[in-house]
1. Between B:ILE16 and A:ILE61, what is the label-to-label distance in nm when each label sits 7 Å out along the Cα-to-Cβ direction?
2. With every protein chain in place, what's the accessible area of A:ILE190 (1.4 Å probe, Å², nearest 10)?
3. To test your reading of the geometry: what angle, between 0 and 90 degrees and rounded to tens, separates the Cα axis of helix A:277-303 from the longest principal axis of chain A?
4. If ligands, DNA and RNA are left out, what is the accessible area of B:MET145 with a 1.4 Å probe, given in Å² to the nearest 10?
5. Subtracting the Cα-Cα distance from 0.36 nm times the residue separation, let me have the gained length for A:GLN24 to A:THR193 in nm, one decimal.
6. Regarding the protein assembly as shown, what whole-number volume in Å³ per residue does the convex hull of its Cα atoms give?
7. For peptide A:272-282, compute the average count of partner chain beta-carbon atoms within 10 Å of each residue's beta-carbon.
8. Amide H neighbours of B:TYR208 under 5 Å, counting only residues 5+ apart in sequence or on other chains, H built in-plane at 1.01 Å?
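The values are calculated or read from the model by the stated rules, or taken from the named source; none is laboratory data. Please read all numbers here as calculations on a predicted model, not as lab measurements. When we count neighbours, we look across all protein chains shown, and the Cβ atoms used for this are built from the backbone with ideal geometry, even at glycine. Keep in mind that these areas ignore ligands, DNA and RNA; they rest on the heavy atoms of the full protein, side chains included. Shrake-Rupley method; radii C 1.70, N 1.55, O 1.52, S 1.80 Å.
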Amino acid sequence: MATQSEAGAISAGTRRTTQMLLNQIFGPLLQILYFVIGSAVILGTIVIVLAFLLQGTRSDINLLQGTLIILPQVIVDSLVRGFLYAMIALGYTMVYGVLEFINFAHGEIFMVGAFVVAGFGLMLNSAGLLRDFPGILFVIIAVLLGAAVSGILAVSVERVAYRPLRNSPKLVLLISTIGMSLVLQDLVRIIATSTPLGFNARVLTPDLGSAIRLATLPNPGGRDINVIIDARSMIFIVASIVMLIFLNYLVNVTRVGKAMRAVAQDRPTASLMGINVNNIIALTFLVGGALGGAAGVLFGIRVQAINPYVGFLPGLKAFTAAVLGGIGNITGAMVGGIVLGFLEAFVASYLSLFTAGAFAGANYADIAAFSILIIILIFKPEGLLGEATVQKV
Amino acid sequence: MSLLELQNVHTYYGNIHALKGVSITVNEGEIVTLIGSNGAGKSTTLRTISGLLRPRLGEVLFKGQRIDRMPPHEIVQLGIAQAPEGRRIFPRLTVLENLELGAYIHNANSPEYRRDLERVFDLFPRLRERYTQKGGTLSGGEQQMLAIGRALMTRPNVILLDEPSMGLAPVLVEQIFDIVREINAQGTTVLLVEQNAHMALAIAHRAYVLQTGKIVLEDTAEAVAKNETVQKAYLGLD
Ligand SMILES: Nc1ncnc2c1ncn2[C@@H]1O[C@H](COP(=O)(O)OP(=O)(O)OP(=O)(O)O)[C@@H](O)[C@H]1O
Ligand SMILES: [Mg+2]
């Protein structure tokens, strides 16, 4: 076997091969890609079959045509939602990984990120700089700013509200996280309403470019289908992927990443290795908070109107995504987010189309998506990528 | 001078008084064994030394310095390593990553690190063959090797071994004890906790017998092995 001689030759594998490195960084992304393609194919097939079956019930429109025409857009929408949930879900799952409790204040950490970009845009605007600000630079600065603010906030919350309770029953901690969630909501509300931002804050951005046409698909039955992605969605997806690569590098390749994984698997033994467990836990909150904050910034840029309560629902859904993927499992959180995003986007778009508007899809997306989730979890309670819980140390 | 010293140590788990005034001395270069039946407090003693538990009373001294108020991650930097009870391998990390974590406090690019890794792989060739395998998928014996190897990677002056022979087949037990002796011969002081008193007394220089949180006997390993009570209670002779 090649590996044996190799093991001796490279001083027993002290030097990692480039191949191993690439695997560690891009392996999880490849897994996401499988789930993206899988979800798109499965859900796409389902809607096309449904459209075909329901074709006869409708005389007003050509259902099959309509289904095909919006399909590319629905997939783009799925991706945006999916990456949104994935990025937030990482914060839940990382904290659960090291401390085994659900940090319900994480949705608010996300919301703070959205307010950071709103504040940043407002400040640039009142300085008269916004209009001519380069779009890409705006996004990069805002993401870094939001990540920093949310990351530091998450670390502070842990220090103040969770660490003193670390040896208390989990229920007490849970209550503390819910309390922090409310505190953060109201703090942001007070700040927002007493500044020009306002309760309903608008996220002002420079021109971020116009929609990009990715492809034109020939459509024998009617007009061609343009696969268009608007700039804000594009930014969302690209930025998410960049951050997920960074996260995989941090967790799987670096020394602190190894320490994070060790702390997640066995805290006392990690401390016997010379790892300062408190620092690693703080770092976990920093990274999870930063990802949440960055997601908040991207969310704010995309939806352009926010309020102090925008963290609640995405937070709850991202938590579900983390559970769906297998709580505590980082790749699982990403995958869970993607799957949830696809479920939601498809239900939201096609339910009203198929029922002739009797059910406004958007209103039922949550119910439908969550029902499917519950079904998945009944049959696979450890989540899509979760290990059987006994294996968790 | 003694390398490691426990003076009248009392350790509690909540209200449970697990160590009731334990005093132990380990000199540089020795193998000292701590024997005793289940629940006597052997693991508690090791956890108190490595900082996982804090004694409520008494002192732990390493090279004359008090360490009983230090956190475990600082104690390991002084040169005290523990291979804990039940091995406690990181199951979802590879063999190599487990060893790298042992060397967490050292520079992973240094020649010393590479030398340490070579040494561990020479002691346990099985680990070299399996360095990319996940810790959780190793056999019990291999996990024990990894636990000892990982502790050695911290470059300790003294290594605390908690029942390294637990659950191993007789051949493997012999092998592990040989390796403990070798580690000691290479210059590492050993504090060995064992149920297998027979083997432990055969390789140790001195021995302590712990009974419900108290040291009831201390002497050279030879003398302890000859002690009648010990023979009855721990060596299965009568
Ligand atoms: N985490 C804990 N909480 C409460 N009591 C504990 C805890 N760990 C150990 N004890 C108690 O402390 C006493 C000493 O336990 P310890 O684990 O040190 O025994 P031991 O000598 O290592 O036994 P064994 O040979 O079975 O490993 C026992 O009575 C045990 O029940
Ligand atoms: Mg024990």
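1. Rounded to a tenth, the inter-label distance reads 6.7 nm.
2. Accessible area of A:ILE190: about 100 Å².
3. Result, in degrees: 20.
4. 10
5. 56.3 nm
6. So the per-residue Cα hull volume is 196 Å³.
7. Mean partner-chain Cβ count within 10 Å for A:272-282: 6.
8. B:THR33, B:LEU34, B:ILE35
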